[in-house]
Amino acid sequence: MPLPPRLTALLTTGLTGVAAAQAPLLIEYRDKPPYTYTVDGKPAGFLMERTTQVLRRAGIDARYAEVPIRRTMLNLQANTAAMCSPGLYKTAEREAFARYSLPIHRDRPHAVLAHTSVAARIRRLPSVARLFADTQLQPGQVDGVSYGAQLDQWLASTPKPPLRAQLSPLQLVRMVAAHRVDYMLIDQEDLGWLRRDPELAELPVTHIEFTDMPRGELRYIACSQQVAPQTMERINQAIRELPESSSD
């Protein structure tokens with residue numbers, strides 16, 4: 001005997017809800033070694049290892065996709081699917097559309113990577129704030145990323161607007177080496193990774209550290225609003241239970 005249409009609809013809705021609840025959570029990550037990257041088609045990097053540990057402990061099944069950071073930010077903002085991205089900084093703009101986990105890492109302070117022809121001039125500057133106020137030097141930055149609230153503010157107010165690399169820090173390093181820009185910000189983990197590349201040793205770039213560089217930023221797992229608060233709490237509890245997830 002066929003079921004009444006109303007009962008059929010209720011059962012279908014219920015089954016759809018169960019399927020949605022059991023669907024793997026989409027994790028989008030950027031190509032940013034050694035934090036997050038892909039090896040043999042699988043996610044790699046120390047923040048990906050941290051993230052998979054957290055999700056496993058939280059009992060959350062996940063599927064992974066390497067996606068350019070700009071597209072990930074658009075996807076988070078569009079909120080058309082339940083998805084997360086590990087390793088993002090927290091900013092007021094992003095908090096308007098994303099749910100944030102507890103922190104999973106704290107960076108060391110950024111350094112400056114400069115073309116060798118301007119390195120001496122930059123080293124003579126008394127502070128990193130003066131660097132961003134210099135009217136002659138051309139900064140560069142990776143499009144769609146945040147460097148932390150203070151550095152973002154300084155970059156937004158430079159006399160020469162930053163030229164932007166669309167994909168990765170390595171692309172921006174090459175722009176510095178080609179002297180399309182005079183300098184860029186680079187975090188210490190990126191720098192350590194890039195130094196392993198023989199190509200970098202041959203490039204006319206040098207790194208400079210300022211004692212007044214802002215403290216390294218905390219990194220989080222940022223999720224779309226479609227990720228339920230209960231799921232975020234499971235993620236946070238897993239972060240609390242992992243000793244290696246604590247930040248200084």
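Descriptive notes on the structure:
- Test result for MET184, under 26 Å from ARG106 (Cα atoms) and part of a loop (DSSP other than H, G, I, E, B): no
- For region 190-212, the set of residues classified as among the hydrophobic types (A, V, I, L, M, F, W, C) and free of Cβ contacts under 8 Å to residues at least 12 places away in the same chain consists of ALA201 only.
- Flag if THR231 is in contact (Cβ under 8 Å) with a residue 12 or more places away in the chain, of a type in the set (Val, Ile, Thr) and out of contact with any Lys or Arg (no Cβ under 8 Å at 6 or more places or on another chain): yes
- Region 36-58 - residue that is touching a Gly at 6+ places or on another chain (Cβ under 7 Å) and either among the charged types (D, E, K, R) or closer than 18 Å to ARG71 by Cα (or both) and, of those, surrounded by the fewest Cβ atoms within 10 Å (Cβ to Cβ): TYR37
- Of all residues in region 61-75 being in contact with a helix residue (DSSP H, G or I) (Cβ under 9 Å, 6 or more places away or on another chain) and either under 18 Å from GLN166 (Cβ atoms) or among the charged types (D, E, K, R) (or both), the one that is surrounded by the fewest Cβ atoms within 10 Å (Cβ to Cβ): ASP61
- Here is the figure for region 87-139: residues that are in a loop (DSSP other than H, G, I, E, B), of a type outside the set (Asp, Glu), farther than 27 Å from TRP193 by Cβ and in the same structural domain as TRP193 (by TED's automatic domain parsing) total 5.
- Figure legend. Inter-residue proximity from region 54-80: first residues farther than 19 Å from SER101 by Cβ, second residues polar (S, T, N, Q), beta-carbon distance below 9 Å, spacing 6+ or different chains. Indicated pairs: GLU66/THR36; GLU66/THR38; PRO68/GLN166; PRO68/SER168; ARG70/GLN166; ALA78/SER224; THR80/SER224; THR80/GLN226.
- LEU172 fulfils the conditions (1) over 22 Å from the mean Cα position of the chain (by Cα); (2) part of a helix (DSSP H, G or I); (3) among the hydrophobic types (A, V, I, L, M, F, W, C) except for a single criterion, (1).
- Residues considered: ASP248, ASP187, ASP212, ASP182. Of these, the only one that is at pLDDT below 95 and either surrounded by 18 or more Cβ atoms within 10 Å (Cβ to Cβ) or within 23 Å of THR72 (Cβ to Cβ) (or both) is ASP187.
- Across region 76-86, the number of residues qualifying as more than 17 Å from TYR220 (Cα to Cα) and in a loop (DSSP other than H, G, I, E, B) comes to 3.
- Here ALA58 clears all of (1) at pLDDT below 95; (2) touching a helix residue (DSSP H, G or I) at 6+ places or on another chain (Cβ under 7 Å) except the condition numbered (1).
The values are calculated or read from the model by the stated rules, or taken from the named source; none is laboratory data. Just so it is clear, the model here is predicted, and its values are computed rather than measured. No Cβ is skipped: glycine too gets one built from the backbone with ideal geometry, and neighbour counts run over all protein chains shown.
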